[in-house]
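The values are calculated or read from the model by the stated rules, or taken from the named source; none is laboratory data. These figures come from a predicted structure and were not determined experimentally. Cβ placement follows ideal geometry from the backbone for every residue including glycine, while neighbour counts extend to all protein chains displayed. With ligands, DNA and RNA removed, areas are computed over all heavy atoms of the protein, side chains included. Shrake-Rupley method; radii C 1.70, N 1.55, O 1.52, S 1.80 Å.
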Amino acid sequence: EQASGNGFQVATDFASAFPETVIVALTNGQLDMISRVRAAQAGCSGLLTFDATAAELYAFLDDEYDFLHAPISVLVVDDSPTDGFSTCRHLKKAGFEAKHIESPYELLDACQRKKPDIIVCDYWMPQCHGPGAVRALRMDLDRRYASLPIIYLSSEKSKDRQLDAMARGADEFLTKPVDPDYLARTIQNRVL
């Protein structure tokens, strides 16, 4: 017990000194929730038992590296070419992959081709409002897009409409104009 407590302290100190480092804690105990919480509080990305094989450790680190270093793919749905271009430009500057489509009717095809990690969608579009497009996307029989994060980015100021839109399948509602850094951090928080 004392060794494991010291191990978590070492992990905490290491995470403070090197915040970009992936730390995996090894334990001879169980992988129960208490141990997981202690590892998470210490800054660990993973918790494995001492009897984990080298292949299991490598697979975990490989997956973690891919997860942390793969660029986030964003699909921007906005009927305004100017707003869509501007949003994509800001996202690309922040290190994201970003693609813009103008019509919500292109949404399913674009998701199948691009496989985005997240969608940033305008609320008011002349052909189909955002909530209709989001509901239509989420009604896939295999539920492939049921948990795909969706953020509305719109000039809509009504809090009731914003809450209604989120109740119908969106994860966040940001109002234009939005600070590009705030948008980037919101996307990161939703994807990672």
Subject >> Signed unit charges on C-beta, dipole axis of the chain, positive-most listed residue 103, 118, 7 >> reply: 103
Subject >> Under-5 Å amide H pairs with residue 152, H placed in peptide plane, nonlocal only >> reply: 121, 171, 172, 173, 174
**OP:** With the full set of protein chains in place, find how many percent of the accessible area of region 111-178 is carbon and sulfur; take the probe as 1.4 Å.
**Re:** 52
Original post:
Roughly how many debye, to the nearest 20, is the charge dipole of the chain about its Cα centre, given +1 on each Lys and Arg Cβ, -1 on each Asp and Glu Cβ, and no other charges?
Top reply: 540
Subject >> For region 100-142 versus region 146-190, the gap between their alpha-carbon centres in whole angstrom >> reply: 14
**OP:** Heads up, I need the accessible area for residue 53: 1.4 angstrom probe, whole protein in place, Å², nearest 10.
**Re:** 70
Original post:
Residue-wise, which Karplus ³J(HN,Hα) couplings in Hz belong to region 73-87, taking 6.51 cos²θ - 1.76 cosθ + 1.60, θ = phi - 60°, and x for glycine or proline?
Top reply: 9, 10, 9, 9, 10, 8, 5, 8, x, 5, 5, x, 4, 5, 4
Original post:
Restricting to the chain, what percent of DSSP beta bridges are antiparallel, rounded to 5?
Top reply: 0
Subject >> Under 5 Å, built H, 5+ apart or other chain: amide partners of residue 140 >> reply: 145
**OP:** Quick one: of 99/176; 115/157; 115/159, which pairs are farther than 24 Å apart, Cα to Cα?
**Re:** 115/157; 115/159
**OP:** Determine how large the accessible area of residue 85 is when every protein chain is in place; take a 1.4 Å probe and give Å² rounded to the nearest 10.
**Re:** 140
Subject >> Relative contact order (%) - criterion: Cα under 8 Å, at least six apart; region: the chain >> reply: 15
**OP:** Could you work out how far helix 180-191 tilts from the main Cα principal axis of the chain, as a 0 to 90 degree angle to the nearest 10?
**Re:** 60
**OP:** For residue 27, list long-range residues whose amide hydrogen, built 1.01 Å from N in the peptide plane, is under 5 Å from its own amide hydrogen.
**Re:** 48, 49, 50
Subject >> Residue-by-residue Karplus 3J(HN,Hα) for region 14-23, coefficients 6.51, -1.76, 1.60, Hz, glycine and proline x >> reply: 5, 4, 5, 6, 9, x, 8, 7, 8, 10
Original post:
Roughly how many Å² of residue 168 are accessible to a 1.4 Å probe, to the nearest 10?
Top reply: 110
Subject >> Furthest towards positive pole of dipole, 71, 45, 85, structure part region 25-147, Cβ charges >> reply: 85
**OP:** Before anything else, pin down the relative contact order of region 132-183: Cα pairs under 8 Å, at least 6 apart, normalised by residue count, whole percent.
**Re:** 38
Original post:
Could you work out the helix-only [θ] at 222 nm for the chain, with each DSSP H run of four or more residues adding -39,500 (n - 2.57) and the total divided by the number of residues, to the nearest 500 deg cm²/dmol?
Top reply: -14500 deg cm²/dmol
